[in-house]
Amino acid sequence: QVQLVESGGGLVQAGGSLRLSCAASRNIFSIETMGWFRQAPGKQRDLVASITVGGRTNYADSVKGRFTISRDNAKNTLDLQMNSLKPEDTAVYYCAANPWGFQYTNWGQGTQVTVSS
């Protein structure tokens with residue numbers, strides 16, 4: 001089991017940037033894939049970006065070119081750099097771990113990101 005704690009959310013104007021961080025309670029080197037999800041009010045939780053232990057990344061089409069995911073296996077952290085933010089990026093963002101590459105089994109409590117127009 002790994003506990004995940006997100007930080008870095010907040011209120012920003014459209015076009016601005018935010019950096020989300022996720023701190024893990026133990027070494028993440030053995031976790032195959034880690035990801036960021038988001039959930040807007042009344043909508044399902046969707047994958048925003050993921051990264052494997054080898055550094056392979058995957059992004060939702062809606063954030064490609066604007067968001068960058070990174071992980072530091074030595075510091076046990078997962079980050080999401082969000083640039084050129086849009087009002088439609090407003091959501092609660094969750095950090096998650098997929099230890100064996102099959103499904104996400106560990107989730108953080110979420111951090112709110114609000115982008116004003």
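The values are calculated or read from the model by the stated rules, or taken from the named source; none is laboratory data. None of the values given here were measured: they were computed from a predicted structure. Here the Cβ is made from the backbone with ideal geometry for all residues, glycine too, and neighbour counts use every protein chain on show. The accessibility values were calculated without ligands, DNA or RNA, using every heavy atom of the protein model including side chains. Shrake-Rupley method; radii C 1.70, N 1.55, O 1.52, S 1.80 Å.
Any idea what diffusion coefficient segment 35-109 gets from Stokes-Einstein, in µm²/s, Kirkwood Rh on alpha carbon pairs, 10 °C, 1.306 mPa s?
123 µm²/s
For residue 48, which sequence-distant residues (separation of 5 or more, or a different chain) have an amide H within less than 5 Å of its own amide H, given hydrogens modelled in the peptide plane?
Residues meeting the amide H criterion: 36, 37, 38.
Please report the carbon-and-sulfur percent of the accessible area for the chain; probe 1.4 Å, protein heavy atoms only, DNA, RNA and ligands left out.
Whole-percent figure for carbon plus sulfur exposure: 49.
Heavy-atom accessible area per residue, the chain, 1.4 Å probe: how many Å²?
52 Å²
What are the chymotrypsin sites (Phe, Trp or Tyr not before Pro) within segment 1-74 that DSSP puts in a loop, where the Cβ has at most 12 other Cβ atoms within 10 Å?
In loop regions of segment 1-74 (DSSP not H, G, I, E or B), the sparsely surrounded chymotrypsin sites (Phe, Trp or Tyr not before Pro) are 29.
So how strong a dipole does the chain carry about its Cα centre when Lys and Arg Cβ are +1 and Asp and Glu Cβ are -1, to the nearest 20 debye?
Value, rounded to 20: 60 debye.
Give me a comma-separated list of calculated 3J(HN,Hα) values for segment 33-40, in order, Karplus coefficients 6.51, -1.76, 1.60 applied at θ = phi - 60°, integers in Hz, x for any Gly or Pro.
Those phi angles translate into 9, 10, x, 10, 10, 9, 9, 8 Hz.
Pick from 43, 75, 64: which is most flexible by mean-square fluctuation in a GNM of the chain where alpha carbon atoms under 10 Å apart are linked?
The residue with the greatest mean-square fluctuation here is 43.
Whose amide H sits under 5 Å from the amide H of residue 67, counting only residues 5 or more places off or on another chain, with H placed in the peptide plane?
When sequence neighbours closer than 5 places are left aside, the close amide H contacts are 83.
Long-range amide H contacts for residue 10: which residues qualify at under 5 Å (H placed 1.01 Å from N, peptide plane, sequence gap of 5 or more or a different chain)?
113, 114
What list of ³J(HN,Hα) values in whole Hz, one per residue of segment 107-117 in order, does the Karplus curve 6.51 cos²θ - 1.76 cosθ + 1.60 (θ = phi - 60°) give from phi, with Gly and Pro shown as x?
10, x, 7, x, 9, 7, 10, 10, 10, 8, 8
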